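The values are calculated or read from the model by the stated rules, or taken from the named source; none is laboratory data. These numbers come from a predicted model, not from an experiment. Counting neighbours? That spans all protein chains shown, and the Cβs are built from the backbone with ideal geometry, glycine included.
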Amino acid sequence: MPQDASNSDSPSTGHGLPGRLVIVSGPSGAGKSTVVQRLLRECDLPLTMSVSATTRDPRPGETDGKDYLFISSDEFNRRREAGEFLECKEVFKLGRWYGTLRDQVASGLKAGQLVILEIDVQGALNVLDNREFNPITLFIHPGSMDELEARLRKRGTETEQAITARLETAAGEMRFMPQYQYEIINGSVDAAVAEICQILRDQKENERCSKN
């Protein structure tokens, strides 16, 4: 059963567009990307993924416009100064910027789609502070810090220092969970996907009822 982590849930979209923004956040190792990809394939709602812009170089196998919008630092700065980003940030002070373009979100909303934005907690808070959209917000986590640590170690790709850093970051992110409307405990990907799909169905039904 969905766990509502906030009392701010409202059936009104707030922006006058037929679609709805869906923000998905959670600590590294919570399985967000796996859940979102399964959701896109299996949920029978008009879902689409917002594609983030970045100044970093494409990695092998990545496609421009599908995985990311790869743009130059100059173009990123120009668009940032023009206010075209809904949220953006520099990662680890390495000169690599990531951000969500307003037109990426708005085009999906105008088409009546549920636009999924998978971003970190700080990015989500920036979107909420902006008040341009009234998103559905979901926070995914594995149930406990012990379980999160076990998953990070199971990957076998992290140094001890990296695991410690990720756990410290996760502990900080978990404190913001009450800012989200729904808490999703990802103990099973199948269950998490079904739970989120039902939440989104209920939201769309609430919106239809509120317009009648």
Being among the acidic types (D, E) and either buried (at least 20 other Cβ atoms within 10 Å of the Cβ) or outside any loop (DSSP other than H, G, I, E, B) (or both) narrows it down to one residue among E158, E168; which is it? E168
Could you please find all residues in region 85-135 being part of a strand (DSSP E or B) and aromatic (F, W, Y)? F85, W97, Y98
Residues in region 185-212 that are closer than 20 Å to S33 by Cβ and either assigned to a helix (DSSP H, G or I) or touching a Gly at 6+ places or on another chain (Cβ under 8 Å) (or both) total 14
Give N134, N206, N130 a once-over and let me know the one that is over 30 Å from E75 (Cα atoms) and not β-branched (V, I, T). N206
Restricting attention to region 21-79, report how many residues are among the small types (G, A, S), surrounded by 13 or more Cβ atoms within 10 Å (Cβ to Cβ) and within 15 Å of D103 (Cα to Cα). 3
Which listed residue is closer than 30 Å to S210 by Cβ, in a loop (DSSP other than H, G, I, E, B) and modelled with pLDDT of 95 or more, from D9, D44: D44
Within region 111-133, how many residues turn out to be touching a Leu at 6+ places or on another chain (Cβ under 7 Å) and basic (K, R)? 0
Please find, within region 136-155, the residue that is farthest from the chain's Cα centre (by Cα) out of those that are assigned to a loop (DSSP other than H, G, I, E, B) and surrounded by fewer than 17 Cβ atoms within 10 Å (Cβ to Cβ). S144
V115 meets each of (1) closer than 20 Å to R56 by Cα; (2) surrounded by 13 or more Cβ atoms within 10 Å (Cβ to Cβ) with one exception, condition (1)
